[in-house]
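Let me begin by presenting the structure, written as structure tokens, before commenting on it.
The values are calculated or read from the model by the stated rules, or taken from the named source; none is laboratory data. Remember, it's a predicted structure, so these values are computed and weren't measured experimentally. Here the Cβ is made from the backbone with ideal geometry for all residues, glycine too, and neighbour counts use every protein chain on show.
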Amino acid sequence: AQSVTQPDIHITVSEGASLELRCNYSYGATPYLFWYVQSPGQGLQLLLKYFSGDTLVQGIKGFEAEFKRSQSSFNLRKPSVHWSDAAEYFCAVGVPSNAGKSTFGDGTTLTVKP
Amino acid sequence: GAVVSQHPSWVICKSGTSVKIECRSLDFQATTMFWYRQFPKQSLMLMATSNEGSKATYEQGVEKDKFLINHASLTLSTLTVTSAHPEDSSFYICSASGPYNEQFFGPGTRLTVL
């Protein structure tokens, strides 16, 4: 079965600084990979997804992520963080044969300092 | 596109009563929907997979007689919490599955059982 690890529970960055959130997955083949963002008291919003092709994917709100097969990683990046980016971020892995289910990481809480 | 709504956004009920939560895909047809439960500061816990026109598939440990799921059409799935108790208080989130296992989430429903 697939699994997802987000090693950082909580990250604090200053506004305007760059951001990288880590995500490692375990799966025998190439999975579908996703990053979602959740603002307090809200549902989750899809930031970006990877399912094939170019390993650097662009998402909404200026985010990007890079799939590195050799490292089983799918790290999320943003060159300049805005205060509104403060939220909970979830990495998820999907498997085509798994009836549409995704496995979610435990999440990383991002705090943005002014 | 890919908008999912949930209703109600919050509900307070007395212990022993039943509560119904609706999940609608507003601009696409969702063959598969998912129901999650989320505790404070925690990740999503998948409760069940809802498939249009068939019985829901429940995750291990989820009481199917307590959490009734109906997926009567391609745009509507409902979760009914029967005989609710305070321990059922939680944040319930639904999602609809896209073509690459990406999920489009509703905004969530905060249930408080007194």
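Hey, can you tell me all the residues within region B:72-83 that are under 15 Å from residue B:27 (Cβ atoms), aliphatic (A, V, I, L, M) and either outside any loop (DSSP other than H, G, I, E, B) or facing chain A (nearest Cβ under 9 Å) (or both)?
Correct list: B:76 only.
Hey, could you check region A:66-106 for residues that are among the acidic types (Asp, Glu) and within 26 Å of residue A:40 (Cα to Cα) and say which is farthest from the other protein chains (Cβ to nearest Cβ)?
A:85
Only one of these conditions is not met by residue B:26: (1) under 24 Å from residue A:88 (Cα atoms); (2) within 14 Å of another protein chain (Cβ to nearest Cβ). Which number is it?
Evaluating residue B:26 over (1) under 24 Å from residue A:88 (Cα atoms); (2) within 14 Å of another protein chain (Cβ to nearest Cβ) leaves (1) as the failure.
Yes/no matrix, rows are residues, columns are (1) in a strand (DSSP E or B); (2) modelled with pLDDT of 95 or more:
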residue: A:40; (1), (2): no, no
residue: A:47; (1), (2): yes, yes
residue: A:54; (1), (2): no, no
residue: A:65; (1), (2): yes, yes
residue: A:70; (1), (2): no, no
residue: A:74; (1), (2): yes, yes
residue: A:81; (1), (2): no, yes
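Please name all residue pairs, on different chains or six or more residues apart, with Cβ atoms under 6 Å, provided the first residue is in region A:35-52 and is facing another protein chain (nearest Cβ under 7 Å) and the second residue is hydroxyl-bearing (Ser, Thr, Tyr).
A:44/A:36; A:46/A:36; A:51/A:32; A:51/B:100
Return the only residue of B:72, B:30, B:2 being farther than 23 Å from residue A:35 by Cα, modelled with pLDDT under 90 and in contact with a strand residue (DSSP E or B) (Cβ under 8 Å, 6 or more places away or on another chain).
B:72
So that you can scan it fast, the table gives a plain yes or no per residue for (1) surrounded by 15 or more Cβ atoms within 10 Å (Cβ to Cβ); (2) in contact (Cβ under 8 Å) with a residue 12 or more places away in the chain; (3) more than 12 Å from chain A (Cβ to nearest Cβ):
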| site | (1), (2), (3) |
| --- | --- |
| B:37 | yes, yes, yes |
| B:54 | no, yes, no |
| B:62 | yes, yes, yes |
| B:68 | yes, yes, yes |
| B:85 | no, yes, yes |
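Could you look through region A:13-34, keep only residues that are small (Gly, Ala, Ser) and either under 21 Å from residue B:101 (Cα atoms) or not in a strand (DSSP E or B) (or both), and pick out the one that is nearest to the other protein chains (Cβ to nearest Cβ)?
So the residue we want is A:29.
Please go through region B:1-21 and give me each residue that is more than 17 Å from residue A:44 (Cβ to Cβ) and surrounded by fewer than 16 Cβ atoms within 10 Å (Cβ to Cβ), ordered by number.
Answer for region B:1-21, where residues must be more than 17 Å from residue A:44 (Cβ to Cβ) and surrounded by fewer than 16 Cβ atoms within 10 Å (Cβ to Cβ): B:7, B:8, B:10, B:12, B:14, B:15, B:16, B:17, B:18, B:20.
Does residue B:79 satisfy the condition of being in contact (Cβ under 8 Å) with a residue 40 or more places away in the chain, surrounded by 12 or more Cβ atoms within 10 Å (Cβ to Cβ) and of a type outside the set (Gly, Ala, Ser)?
Judged against the criteria, residue B:79 is a match.
Here's a check for you: in region B:92-114, which residue that is at the interface with chain A (Cβ under 8 Å from one of its Cβ atoms) and within 15 Å of residue B:39 (Cβ to Cβ) is surrounded by the fewest Cβ atoms within 10 Å (Cβ to Cβ)?
By that ranking, first place goes to B:110.
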